[in-house]
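Below: the structure, in structure tokens.
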């Protein structure tokens, strides 16, 4: 029963709020993880958010906005 509630709650989460790990974000953008981090440091790409000292995540919304702006 708890699983059904969890599944129901997950379906309600907006996909734009979904957080991706760097390897998932890089795959979504079609680049390597090292390129993703380099672009972030250079101010050329999505920066993501730190969740801890060494844990960075990227929101789907941030990645989609980056792609849209890059195509303009």
Cα-based shape type of the range 15-72, given that a ≥ b ≥ c are square roots of the gyration tensor eigenvalues and the cut on a/c is 1.5: oblate
Distance in nm between pseudo-label sites at residue 51 and residue 21 (7 Å out along the Cβ direction from Cα): 0.9 nm
Label point 7 Å beyond Cα of residue 37 along Cβ direction - residues of the range 43-72 with amide nitrogen under 20 Å: 43-59, 63
Sequence ranges 57-68, 31-42, ranked by mean other-Cβ count within 10 angstrom, highest first: 57-68, 31-42
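None of the figures in this text is laboratory data; all of them are computed from the coordinates on show. This structure is a prediction, so every number in the text was calculated from the model and none was measured. Note that each Cβ is placed from the backbone with ideal geometry, even for glycine, and that neighbours are counted across all protein chains shown.
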